[in-house]
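Read through the structure below, which is laid out as structure tokens, and then see the notes.
Read the figures in this text as sums done on the coordinates, not as results from a lab. Given the structure is predicted, the values throughout are model-derived calculations rather than measurements. All Cβ positions, even for glycine, are placed from backbone atoms using ideal geometry, and neighbour counts span all protein chains on display.
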Amino acid sequence: MLLIILSALPFPKLPYYQAMDTPPLPPTNDAPRGSLACVGMGMTLGSHLTPLARSQIEQADVVFAALSDNIVELWLQRMHPDVRSLQPYYAEGKSRMKTYRQWVELMMTEVRAGKNVCGVFYGHPGIFAWSPHKAIEVARAEGFKAHMEPGISAEDCLYADLGIDPGRFGCQHFEASQLLFYERRIDPTGYLVLWQVGLVGDLSLKRFSTGAAYRQVLVDVLSEDYPLDHEVIVYRGATLPIQKPRVRRMALRDLPGAELTAEETVVLPPSAPLKQNLAVRERLAALDKEASIA
Amino acid sequence: MSDTIELLEAIGQNATLRHASADQLASILEQANASAALRSAVAAGDSSLLSAEFGHKPNKAPQITNVPGHEEDESDDDGDDKPHHPSEPGHSQPHKHTPHKQ
């Protein structure tokens, strides 16, 4: 009975954050309609998978997996008989963008064939992950139902494990390379979180790590806003429940010589106190005064 | 011998086990007849020892994202080995790839 009621409910078409190039096609009645759900597996095996994400996996016709740990992938295989790993499409010397486009096409091929497809991504499927956003955009542009289910991300674990509240001083997040390729404004009165420092400065998109010389360029850029003896935190969350988070602290100047993997994240705590904006405060006080008179 | 994946899932879902000390967990795993690889990984605090059971197959971290601005300016040509210089964010080039329409 519950299923009958649920199947009769209308499914609202959700807006998507990116403008579509092509208007959605009207649904037809003579073909099986595929669908796409991109879900997050969370970070830690057994701990973070949401009931809704698990349900998406179990109810799918085909599951594609892009996970950080092969043991987590084995766990996923217990949930569905047809789990297809996306890992083999990575290769040294091959552009990651080509890999990510292949992932989108693999998922969309099954959606176009009328299958209910679930793409499972480690952490949150929409954070530092191009393919899920693109696949949803393409699926919707072609008239298919597509959506994303959030997962517990590396960022979520970072706040918990390091005891950081991003609301206290504010928090900027950048892919580390973006600080080198573009002119960005860093605010050293808040937290700065840098992702993928292990491959910072890779213009080729074909490497999975760069090296000390590239990290030295990053440190040189950061030294415009931070003293070289400023303490930075190198963090990696647990992917298996028998692991502890890995937390290392070091001076900014020592970052180039540190061993760093692509999964590790660098956090720079604030180096300067918040500065009061006196002009705006005066303006607000004047508004308060006007309000009290009125 | 107990199933290692099931044991890992049970540990991950249980607040006491997830935050147990290595000694406590090692004792529980021994009672649960866990594999030697899992027990040694817990005892040593080194999950890489699980590779004895599952093989050494390190995954690439899928969250390695594209370099900003690259996503719209690279062709699908496999043979293109030239470095790709980032474009201006938001100034995308037309796609060579056109999604199939159903």
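Numbers below:
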| read-out | value |
| --- | --- |
| Options A:SER292, A:ASN277, A:THR265, ranked by Cα towards positive dipole end of segment A:236-294, top entry (Cβ charges) | A:THR265 |
| Over 27 Å between alpha carbons, listed pairs A:LYS98/A:LYS145; A:LYS134/A:LYS244; A:LYS115/A:LYS206 | A:LYS134/A:LYS244; A:LYS115/A:LYS206 |
| B:ILE28, A:ILE152 arranged by Cβ crowding within 10 Å, fewest neighbours leading | B:ILE28, A:ILE152 |
| Length gained when the stretch B:SER51-B:ALA32 is fully extended (0.36 nm per residue, less Cα-Cα span) | 4.8 nm |
| Mean separation of Cα contacts under 8 Å (6+ apart) over length of chain A, as relative contact order % | 19 percent |
| Mean shadow area of segment B:4-54, taken as a quarter of the surface of its Cα convex hull (nm²) | 3.1 nm² |
| In segment A:155-214, GluC sites (Glu not before Pro) in a DSSP loop with at most 16 other beta-carbon atoms within 10 Å | A:GLU183 |
| Sites A:ARG78 and A:ALA212, calculated FRET efficiency, Cβ-Cβ separation with R0 45 Å, nearest 0.05 | 0.65 |
| Under-5 Å amide H pairs with A:TYR122, H placed in peptide plane, nonlocal only | A:MET41, A:ALA66, A:SER68 |
| For residues of A:137-144, the mean tally of beta carbons on other chains within 10 Å | 2 |
| About the Cα centre, charge dipole magnitude for chain A (Lys/Arg +1, Asp/Glu -1 at Cβ), debye | 320 debye |
| Around A:ASP187: net Lys/Arg minus Asp/Glu count, Cβ-Cβ under 15 Å | +1 |
| Packing-based exposure ordering (other Cβ within 10 Å, fewest first) of A:CYS38, A:CYS118, A:CYS171, A:CYS157 | A:CYS171, A:CYS157, A:CYS118, A:CYS38 |
| GNM flexibility winner over chain A from A:TRP195, A:TRP130, A:TRP103 (Cα, springs under 10 Å) | A:TRP130 |
| Ranked list, fewest to most other Cβ atoms within 10 Å of each Cβ, for B:LEU50, A:LEU180, A:LEU284, A:LEU278 | A:LEU278, A:LEU284, A:LEU180, B:LEU50 |
| GNM flexibility winner over chain A from A:ILE186, A:ILE242, A:ILE71 (Cα, springs under 10 Å) | A:ILE242 |
| Local electrostatic count at A:ASP254 - Lys and Arg +1, Asp and Glu -1, tallied over other residues with Cβ under 13 Å | +1 |
